[in-house]
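These notes concern the structure reproduced below.
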């Protein structure tokens, strides 16, 4: 006898009404929680994802995957954010207390959605909407057996209860949820407290709490810390804590006065990348502050140890990066007529890495934020829109002069890095360019192409050191710089020069005089767009282990025929996002003259890492090196695993730029991304290099990449495996299911009654 199915799941109604939902674990045959931990007593109430507090707005495609994988089979949780749910527990006197509450606040009876919970006996959930940052008490002594929940989650209507009953709607629907009556809010109000996030949990914080944290930080600390402390105080207090920040700042010798601070405070509220309480807490903890008990979560689950991984990454959504990078990814995706979420994530990571790269670096590992990335998608499916969005981010921030759309030669790369400290490449159809290099290597011709790859890799790795030039390159650069100086001098003599020409001459002269010492901290990144047909065959053992493909991140859009968005119109970039991009790049110091160089030779701001995140990075490093040792004798691809940690450090640093501190959530997301990336490269190498000596293994690796991220119909898998007999593809799919490396869903078309099968790689 199987697990009973819930009759009427209403999660789609919650999604359409703007609320966030996530899957819940059911129970095994013994009645224990299906999470796998025999000690867990939260069957039917334990979230599938460990990071449920950060549940994003799911797309239709993501909900479909959750449905197919059974994450919503027995029930779902509703994130209590922007909600007040009155939870009446009949077992603890809640029914009598509810009668008392109705006498005191009669308007409570007008709740737009009332759900009878599975425990029965009059237990109910009454739903109201509230401002997300409103701080309310959860318990009142006068109403025993009632929780007033404005954080955490509740089990949604239609879900199963451990008793075998179902959470059933008594009145209304999610669309009928109305604002909580003011008399109820007055009853529950925590005056001078505000709801905010801390270490992945919702907490209530007062002005006194913020003042206590600030008291552990030197008000004369460097400008970056001072500003971020103010931004965090603004975010944590909902903009009401100016007096706290002003009083703390006034104790410093650098205090600019209340009027100057008020202008800053006003601008903090317009930022698209708010610095949160976690950043302020990190600065305070460095100086002895300890989080009070009230900052701890009131909902804790005993998570099972991850199988073979350094830490739990269940529930990570690789199409939704945390923080400001996720906000930027959403805007990039909104520029494409067709859904291209994976490419949008790639664009956001590369673009934010680029505009942050001259000013920020990681304090722990000294990594910089430049990346090599490939966006792989079918022809005419939206690559151009993503590429243009990335270019716009560079323009808005002020980095456009250092952005390039093609690579011609090794010498050009060097020249670009002398014109500006940075050279960022966003290249269409890069697979064709790489194919030329591969063919030239086979035939022994076009040696200059090999020089291009060498120059890219050399500059990429020198972003925190010095790049020495060859003798020929020095002469070429000297000649070019001298010409530019002479041209500017002539314009000045003829009164034709624009503002900033003399500063430009000084900068060019400084670069010219320092050529023998090499280029100081050159910053080079590359994002290339290509098609699967062009790119996949390029990834062989040589390119993965020695070439720059091995150092790159792959972002593969599997759907080669995505449906257009209805009534599509590209979303304009919000002004607050523009301001945030400019702030990250300029840091308050930007030369707007037409001769201005994209450069910053001042010491980079070092982004700190929280203690928990640092421990996780240690564990990730050990795990990747263990994988390298294992693959040294099995596949010979140990270099992929050895290089993985650096990319995790880079990606997590990029995620941390906006908030100013790298958190455990940044590390978890980066680790999940890089792990997927390495596994995809390994499958590509196997598919390309083992065709002759192990054709079945090569075919399975090829199929595994096609079905890695989503359910794929059998016919589509066949089409992607052109040149292979359908019977061989079908046999490989059957064997992969039998071995447990893939899973299958079957069904029947309701119109023509034809049988269908879909396959997906098991994680």
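Just so it is clear, none of the values below were taken in a lab; they were calculated from the coordinates. As the structure is a prediction and not an experimental result, all values here were calculated from the model. Note: ideal-geometry Cβ built from the backbone for every residue, glycine included; neighbour counts use all protein chains shown.
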Percentage of interatomic Cα-Cα distances in the stretch 527-591 larger than 19 Å: 63
Nearest 0.05, what FRET efficiency do residue 752 and residue 318 give at R0 = 35 Å with Cβ-Cβ as r? 0.50
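Semi-axes of the equivalent ellipsoid for the chain, please: Cα gyration tensor eigenvalues, times 5, square-rooted, ordered largest first, whole Å.
Semi-axis lengths for the chain are 47, 38, 21 Å.
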Give the shape of the stretch 199-295 as rounded, prolate or oblate, defined through the alpha-carbon gyration tensor: a ≥ b ≥ c are the square roots of its eigenvalues, a/c under 1.5 means rounded, and otherwise the shape is prolate if a/b is larger than b/c and oblate if not. oblate
Put a dot 7 Å past each Cα toward the Cβ at residue 92 and residue 724; how far apart are the dots in nm? 5.6
If each residue of separation counts as 0.36 nm, what is the full-extension length gain between residue 32 and residue 17 once their alpha-carbon separation is subtracted? 2.1 nm
Volume per residue, Å³, of the convex hull around the alpha-carbon atoms of the stretch 690-761? 87
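Using Cα pairs closer than 8 Å and at least 6 residues apart in sequence, work out the relative contact order for the stretch 403-541, in percent.
Working: 163 pairs, mean separation 58.8, N = 139.
After rounding, I find 42 percent.
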Name the residues of the stretch 48-91 whose amide N is less than 19 Å from a point 7 angstrom out from the Cα of residue 168 along the C-beta direction? 74-76, 88-91
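May I ask you to derive the FRET efficiency for residue 486 and residue 510 from their Cβ-Cβ distance with R0 = 22 Å, giving the value to the nearest 0.05?
0.85
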Least to most buried among 457, 213, 399, by other C-beta atoms within 10 Å and fewest first, runs 457, 399, 213
Could you list 217, 355 in order of exposure, starting from the residue whose Cβ has the fewest other Cβ atoms within 10 Å? 217, 355
Return the calculated 222 nm mean residue ellipticity for the chain, to the nearest 500 deg cm²/dmol, obtained by summing -39500 (n - 2.57) across DSSP H runs with n ≥ 4 and dividing by the residue count. -13000 deg cm²/dmol
For a bin width of 10 Å, list the pair-distance distribution of the stretch 11-187 built from all Cα-Cα distances, rounded to whole %. 10, 37, 36, 14, 2
How high is the relative contact order of the chain, in percent, counting Cα pairs under 8 Å that sit 6 or more residues apart? 12
